[in-house]
Amino acid sequence: MKKRTLRFTEIWNMSFGFLGIQMGFALQNANASRILQTFGADIHQLSWFWIIAPLMGLIVQPIVGYYSDKTWTKLGRRRPYFLAGALLASIGLILMPQAHLFIAFLPPLWIGAGMLMIMDASFNVAMEPFRALVGDNLGDHQKTLGFSIQTVLIGIGAVIGSWLPYVLAKGLGLTAVTSSGIPQNLIVSFIIGAIILIASVLVTVFTTKEYTPKELASFTVNKNELKENKHKAFGLQSIATDFKNMPKTMKQLSGVQFFSWFGLFGMWVFTTPAIAQHIFNTNDTHSTLYNEAGDWVGIIFGIYNLTSAIVAFFLTSLSKKIGRKETHAISLFIGGLGLISIFFATDKYFLIGSMIAVGIAWASILSMPYAMLAGAINPKKMGVYMGIFNFFIVIPQIINALIGGPIVKYLYGNQAIYALITAGVSFVIAAILALRIKDVSFVK
């Protein structure tokens, strides 16, 4: 038995919730450092606060993947998880920029960091089942298309989230700064993001059907690649066993993912202070100029996400012509050059070209590794392997979080621009490693 071919609208609705998730994620990526600095964090401390994100991914995604593989409810297999994740993430979105409301209990910096933790844990609860859902519902001939459409929706959501604070400031004049130092446009943006997050996830919940466990078990697999354990294992022991027996393609992808996400983490954490210093010539986190720099970072982050949404439409056809690993390698190399080019920027508009290059890499990072992985693993273990795969996303971020701040402080003299150059070099290394991947298919 083979999986049925889905219509474009079905694949679109299946991943529509990712639009809201990524909108919230984009609001966090572009503004968390800015908010934390306003609440009192020093530049070299930023990566330590951001360590919460990958730690939550390391803990949450494999567990959610394992249990979602074994879940079946009236809502299905994956849908209960990303619905719960969306509800919790919306709470974090609303409260993070308003952490000063709880000053009677804890300093705003710690409340803000706590909301960041809630958001990251919840985004991880929601993201992994969405990845697994594409693997569950699509045959190998549609997997690249499925993850590309997911990338398009991620791009759209990220553009809205990245640009919303700028639009509210310039279009509606919400520029007044509250007593906490957080401008009104940020607070309103995060509230809107929470509403859209829940609404978009509900679209997927109510329009998408899932294969039952019995149906999934009936799909033909490549018996030569299947490795069954002689003894059944459960919970964490089962996750550890699956990690030990991961497919060769997954092992090869691990190095690519490591350097890709090491670079991405550095970009997300240090772009705002880097642009404020390098382009706007300010270190004063409470100044109007610094807020303008923060708003412009939202614009250029939106540009790289918009680019990824457009490029995603062409990835499927390009990968068919030259191969998935080759497509990924070229995209990563272009993104690396884009990050390095920021050092040579003479004004804020130069950064548009840099971020278009980053967007090309981002489009591929969000689709090609998952398409190669989904085609190489046992469909019965789609959730747990998607969760384990997240190790190679979060571990490099944790490493960067631990060493990134001290490197910027002691090696780079608090000049964050050099952290972006390091991120670009990391992308180039990932591109080289991508060419070593053996792209195989598990499902016939």
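Under a plain spin-label model, where a point goes 7 Å from the Cα along Cα-to-Cβ, how far apart in nm are Lys320 and Thr207?
Those two pseudo-labels are separated by 2.4 nm.
Whole percent per 10 Å bin, from 0 to the bin with the longest distance: what is P(r) over all C-alpha pairs of the chain?
5, 22, 34, 25, 11, 3, 0
Give me a comma-separated list of calculated 3J(HN,Hα) values for region 203-217, in order, Karplus coefficients 6.51, -1.76, 1.60 applied at θ = phi - 60°, integers in Hz, x for any Gly or Pro.
Here the 3J(HN,Hα) series is 4, 5, 4, 8, 10, 10, 9, 10, 5, 6, x, 5, 5, 4, 5 Hz.
Let's test the formula: R0 of 60 Å, r as the Cβ-Cβ distance of His141 and Lys170. What FRET efficiency results, to the nearest 0.05?
Computed FRET efficiency for His141 and Lys170: 0.85.
Loop only by DSSP, 11 or fewer other Cβ within 10 Å of the Cβ. Give me the trypsin sites (Lys or Arg not before Pro) in region 122-210 that pass, ordered by residue number.
Counting only loop positions with at most 11 other Cβ atoms within 10 Å, the trypsin sites (Lys or Arg not before Pro) in region 122-210 are Lys209.
Expressed as a whole number of Å, what is the distance separating the alpha-carbon centroids of region 16-94 and region 280-343?
21 Å
Using 0.36 nm times the number of residues separating Leu289 and Phe313, minus their current alpha carbon distance, what extension gain do you get?
Between Leu289 and Phe313, full extension yields 4.9 nm more.
Please identify, among Ala86, Ala293, Ala41, the residue showing maximal mean-square fluctuation in a Gaussian network model of the chain using a 10 angstrom Cα cutoff.
Of Ala86, Ala293, Ala41, the most mobile in the Gaussian network model is Ala41.
Among Ser122, Ser317, Ser354, whose mean-square fluctuation peaks in a Gaussian network model of the chain (Cα, cutoff 10 Å)?
Ser317
At R0 = 30 Å, how high is the FRET efficiency between Thr346 and Asp42 if r is their beta carbon distance? Nearest 0.05 is fine.
Here the calculated transfer efficiency is 0.60.
Return the single residue from Ala84, Ala430, Ala419 with maximal mean-square fluctuation; model: Gaussian network over the chain, springs between Cα atoms under 10 Å.
Highest fluctuation among the options: Ala84.
When Lys and Arg each count +1 and Asp and Glu each count -1, what net charge do the other residues less than 14 Å away from Ser287, Cβ to Cβ, add up to?
Taking every Cβ under 14 Å from that of Ser287, the sum is -2.
Between Glu10 and Lys214, what length comes free when the chain is fully extended (0.36 nm per residue of separation minus the Cα-Cα distance, one decimal in nm)?
71.3 nm
Work through the residues other than Ser254 whose Cβ is under 12 Å from its Cβ and net out their charges, Lys, Arg +1 and Asp, Glu -1.
Charge balance in the 12 Å sphere: +3.
For the charge dipole of the chain, defined by +1 on Lys and Arg C-beta atoms and -1 on Asp and Glu C-beta atoms about the Cα centroid, which residue among Gly353, Leu75, Asn281 has the Cα displaced farthest towards the positive pole?
Leu75
Greater than 32 Å separation of Cα atoms is the criterion. Which listed pairs, Lys74/Lys251; Lys170/Lys321; Lys3/Lys74; Lys3/Lys438; Lys170/Lys320; Lys214/Lys251, meet it?
Lys74/Lys251; Lys170/Lys321; Lys170/Lys320
For the chain, build the charge dipole from Cβ charges (+1 Lys, Arg; -1 Asp, Glu) around the Cα centre, then report which of Thr212, Ile94, Ser317 sits farthest towards its positive end.
Of the listed residues, the answer is Thr212.
For region 19-31, take each phi angle, set θ = phi - 60°, evaluate the Karplus expression 6.51 cos²θ - 1.76 cosθ + 1.60, and give the result in whole Hz per residue in order, putting x for glycine and proline.
4, x, 4, 6, 4, x, 5, 5, 4, 5, 4, 7, 10
May I ask you to evaluate 6.51 cos²θ - 1.76 cosθ + 1.60, the Karplus curve with θ = phi - 60°, for each residue of region 404-421 and list the ³J(HN,Hα) values in order in whole Hz, giving x for glycine and proline?
x, x, x, 5, 4, 6, 9, 8, 9, x, 6, 9, 5, 4, 6, 5, 6, 5
Can you sort Arg77, Arg436 so the residue with the fewest Cβ neighbours within 10 Å comes first?
Arranged by neighbour count, lowest to highest, Arg77, Arg436 become Arg436, Arg77.
Here, each number is a calculation from the coordinates, and none is a lab measurement. Note that the coordinates shown come from a computational prediction; the quantities given were computed from them, not determined experimentally. Note that each Cβ is placed from the backbone with ideal geometry, even for glycine, and that neighbours are counted across all protein chains shown.
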